[in-house]
Amino acid sequence: MRKLIAVLGIRIYLLFPILFLFSCSSPNKKSPADQTEMKEQIHNVDTVTIQLMKFNPEALNVNAGDTVVWINKGLVPHTIKSYQDNKFYSDTLQPGKTWTLVAKDSAVYYCSIHPTMQGKLVLK
């Protein structure tokens with residue numbers, strides 16, 4: 001048993017300097033071009049709530065590639081439909097359900113069940 005502890009002690013003693021050297025090494029530095037590319041890949045997730053027969057916020061500023069999630073917090077079903085034909089259209093969104101869209105450009109939308117409910121995605 002003492003022999004085993006002595007062997008393990010020596011191995012740990014030998015590994016410590018190696019681990020110390022690795023922990024002191026400098027991290028990989030990215031070039032400015034790599035950092036710009038990483039920034040462009042970061043996309044936000046924005047939320048629009050549907051409540052009291054309104055989209056909140058009514059106008060949402062987004063970047064191309066951002067994800068927009070609509071949450072129906074109301075008591076009745078709603079839809080999300082762009083005024084531009086075939087741009088986007090959700091299924092009927094029951095209370096408590098969500099619908100997601102990846103923003104590609106600006107759009108004005110409405111609820112096809114309650115056409116007075118309107119919202120807007122504004123591309124930055």
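The values are calculated or read from the model by the stated rules, or taken from the named source; none is laboratory data. No experiment lies behind these values; they were computed from the predicted model shown. All Cβ positions, glycine included, derive from the backbone under ideal geometry; neighbour counts span all protein chains shown.
Taking Ile42 as the residue in question, decide whether it is hydrophobic (A, V, I, L, M, F, W, C) and at pLDDT 95 or above. No; evaluated as a whole, the condition is false for this residue.
Highlighted here are the strands (runs of 3 or more DSSP E) found entirely within segment 72-124 that include at least 3 residues which are of a type outside the set (A, V, I, L, M, F, W, C) and in contact with a Phe, Trp or Tyr (Cβ under 8 Å, 6 or more places away or on another chain): 118-123. Only one entry in Gly96, Gly74, Gly119 is within 16 Å of Lys54 (Cα to Cα), over 23 Å from the mean Cα position of the chain (by Cα) and of a type in the set (Gly, Ala, Ser), namely Gly74.
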